[in-house]
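These notes concern the structure reproduced below.
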Amino acid sequence: MLLKTKQHVLISALGIILFICGCGDSQMVQARSYENLQMVPANFSELAKIARQGVVNIRTEKTIKGGGRVFQYFFGPKGEQQNPFGNDQFDDFFDRFFGEEEGSGRDYKQKSLGSGFIIDKEGYIVTNNHVIEDADDIKVKLANGDEFDATVVGRDPKTDLALIKVPKSSKLQPIPWGKSEDMKVGDWVVAIGSPFGLEQTVTAGIVSAKGRTIGSGPYDDFIQTDASINQGNSGGPLLNLQGEVIGINTAIIAGGQGIGFAIPTKLAYGIIDQLKNEGEVTRGWLGVGIQNLTKEMADYYHLDSQEGVLISQVYEGDPADKAGIQAQDIIIAVNGKKIKDTRQLSRVIAETSVGKEISVDILRNGRKKSLNVVIARRDDARLGDLSTSSSHRGKTLGMRVEDLNEHLASRFQLKSNEKGAIVVEIDRSGKAAEAGIQAGDIIVEVNRTSVGSKKDYHSIVDSVDEGDELKFFIKRRNGFHVIKLEK
């Protein structure tokens with residue numbers, strides 16, 4: 001019995017030893033699978049030592065007329081545009097940084113700080129547009145302490161990029177461009193700049209997200225990072241671990257605990273190249289009004305998803321019109337590449353060379369068609385006129401009308417065979433709203449003259465003098481109504 005007991009103990013002990021050994025083998029295998037995964041770089045010293053030579057401090061001085069708000073890139077004059085983050089902290093942050101002085105109404109000299117980086121030995125330096133915008137004097141300080149006066153080569157407010165130049169020098173140490181599209185969320189990045197005027201400050205973090213939209217413009221496509229970025233970092237480089245520029249540090253959220261945003265080089269490189277060679281940026285133009293597809297629209301058009309862009313308006317004589325694109329067409333691809341939303345389409349068209357022919361795939365009445373479009377040059381001045389004209393004509397009486405079509409009939413739950421111009425938008429404080437006209441009303445007659453289209457409506461209203469009476473014969477779901485108002 002004792003022998004048996006000893007044998008059992010021996011066997012049990014051997015089993016435990018084998019179990020432990022087995023666990024050890026498993027842990028060793030698991031450890032080996034992670035042994036080449038470098039979670040944290042040993043240090044950033046070599047990268048910083050080399051890259052800092054190409055980062056510059058930028059000091060500017062500008063004259064502020066009447067003490068107005070300085071930081072126009074995000075906000076514009078007070079009351080005209082809301083800040084993209086919807087909080088007062090962001091406004092207060094830039095007020096403190098740029099120092100809006102007391103005594104509004106008199107001119108004063110404003111000084112500000114920013115960063116930039118050298119891209120070649122010819123003296124070209126990349127920075128943010130808001131760093132040098134309207135500057136009377138720009139001074140650049142190199143890492144070795146040398147200072148130069150800089151001139152502006154070109155600016156692009158839409159992407160907040162700018163290119164400046166200092167005299168050619170063998171002392172200039174360029175930083176190479178990298179590919180932002182190769183970066184992954186979680187990759188290590190390093191930011192170098194002059195936060196709070198503290199030159200050559202190096203901070204490290206990771207790529208927190210890509211493709212961020214922060215409401216600063218139509219071409220938002222930011223890299224989000226937690227590498228510490230503060231005022232004064234603007235225009236400085238965001239680097240990968242090879243010391244290549246993969247982003248241009250541009251914006252922060254005040255109170256955002258280190259959340260910063262950088263313009264990806266995928267967007268910046270082409271812009272900077274144009275500024276260097278042409279002094280300005282030329283963008284492609286399709287000539288359409290566009291909107292994203294809602295779930296209801298996708299259901300209405302029998303689509304499997306909300307991917308694609310609905311054409312809401314086609315400008316007469318522009319590329320889309322010449323190619324045969326029509327309102328209510330849905331753009332699903334450009335040159336064979338799927339289009340998911342309006343932001344993607346805007347970027348694709350903007351980056352297309354003027355005069356280049358592209359293939360645009362559309363859905364029309366459920367059928368796919370391919371049309372060839374020759375891209376024109378985007379003219380912002382004309383675009384503003386088109387927008388103003390459309391807005392003015394559409395809201396002459398505080399309302400906007402459109403031709404009744406299947407989409408609008410579905411939206412307002414009307415029969416698609418109705419005749420007339422439909423009211424699609426009402427200004428609450430406008431004359432139409434005060435008189436009782438509502439969105440979804442069909443204007444059948446104005447002053448006893450038949451209205452069969454939006455063109456008819458505008459023609460009749462435009463022929464009436466200011467102060468004269470307009471009588472609207474309107475069809476609403478609950479019957480007909482006559483509404484009077486003074487033009």
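The values are calculated or read from the model by the stated rules, or taken from the named source; none is laboratory data. Being a predicted model, the structure only gives us computed values, none of them experimental. Note that we place each Cβ from the backbone using ideal geometry, even for glycine, and neighbour counts take in every protein chain shown.
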*Limited to region 312-327, what total is found for residues that are touching a residue at least 40 places away in the same chain (Cβ under 8 Å) and surrounded by 17 or more Cβ atoms within 10 Å (Cβ to Cβ)?*
6
*Which of (1) outside any helix (DSSP H, G or I); (2) touching a helix residue (DSSP H, G or I) at 6+ places or on another chain (Cβ under 7 Å) does E181 not meet, given it meets every other one?*
(1)
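Residue-by-condition table, conditions (1) at pLDDT 95 or above; (2) farther than 21 Å from D120 by Cα; (3) under 20 Å from the mean Cα position of the chain (by Cα):
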| site | (1), (2), (3) |
| --- | --- |
| K168 | no, no, no |
| S180 | yes, no, yes |
| M183 | yes, yes, yes |
| P195 | no, yes, no |
| P218 | no, yes, yes |
_Candidate set from region 226-250 (those that are modelled with pLDDT of 95 or more and among the β-branched types (V, I, T)); member that is farthest from S115 (Cα to Cα)_ = I246
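Conditions (1) more than 30 Å from K322 (Cα to Cα); (2) without any contact (Cβ under 8 Å) to a residue 24 or more places away in the chain, marked per residue:
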position: S234; (1), (2): yes, no
position: G270; (1), (2): no, no
position: E278; (1), (2): no, no
position: G284; (1), (2): no, no
position: I290; (1), (2): no, no
position: T294; (1), (2): no, yes
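Just to be sure I understand, how many residues within region 145-177 are touching a residue at least 40 places away in the same chain (Cβ under 8 Å), surrounded by fewer than 21 Cβ atoms within 10 Å (Cβ to Cβ) and within 14 Å of I118 (Cα to Cα)? Reasoning before the result, please.
Here is the first cut: in region 145-177, the ones touching a residue at least 40 places away in the same chain (Cβ under 8 Å) are 150, 153-170, 172-177.
Among the residues that remain, those that are also surrounded by fewer than 21 Cβ atoms within 10 Å (Cβ to Cβ) are: 153-154, 156-158, 165, 167-170, 173-174, 176-177.
Narrowing the set further to residues that are within 14 Å of I118 (Cα to Cα) leaves 153, 165, 167-170, 173-174, 176-177.
Residues meeting the conditions: 10.
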_Residues located in region 125-136, provided they are surrounded by fewer than 20 Cβ atoms within 10 Å (Cβ to Cβ) and either modelled with pLDDT of 95 or more or of a type in the set (K, R) (or both)_ = none
*With a cut-off of at least 3 residues that are out of contact with any Cys (no Cβ under 7 Å at 6 or more places or on another chain) and farther than 24 Å from G289 by Cα, name the strands (runs of 3 or more DSSP E) lying wholly within region 402-487.*
442-446, 469-476, 479-486
*Does region 180-205 hold any residues that are within 30 Å of K141 (Cα to Cα) and exposed (fewer than 15 other Cβ atoms within 10 Å of the Cβ), and which are they?*
F196, G197, L198
*asked:* Being crowded, with 16+ Cβ neighbours inside 10 Å, farther than 14 Å from E418 by Cβ, of a type in the set (A, V, I, L, M, F, W, C) and in the same structural domain as L397 (by TED's automatic domain parsing) is the requirement here; does V451 meet it?
replied: no
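Table: residues versus (1) within 38 Å of the chain's Cα centre (by Cα); (2) surrounded by 15 or more Cβ atoms within 10 Å (Cβ to Cβ); (3) at pLDDT 85 or above.
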{"site": "V374", "(1), (2), (3)": "yes, no, yes"}
{"site": "L383", "(1), (2), (3)": "yes, no, no"}
{"site": "E402", "(1), (2), (3)": "yes, yes, yes"}
{"site": "H407", "(1), (2), (3)": "yes, yes, no"}
{"site": "A421", "(1), (2), (3)": "yes, yes, yes"}
{"site": "R428", "(1), (2), (3)": "yes, no, no"}
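A quick yes/no check of all residues on (1) within 16 Å of E434 (Cα to Cα); (2) touching a helix residue (DSSP H, G or I) at 6+ places or on another chain (Cβ under 6 Å); (3) at pLDDT below 85:
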position: S450; (1), (2), (3): no, no, no
position: K455; (1), (2), (3): no, no, no
position: V461; (1), (2), (3): no, no, no
position: D465; (1), (2), (3): no, no, yes
position: K471; (1), (2), (3): yes, no, no
position: R476; (1), (2), (3): no, no, no
position: F480; (1), (2), (3): no, no, yes
position: K484; (1), (2), (3): yes, no, no
position: K487; (1), (2), (3): yes, no, yes
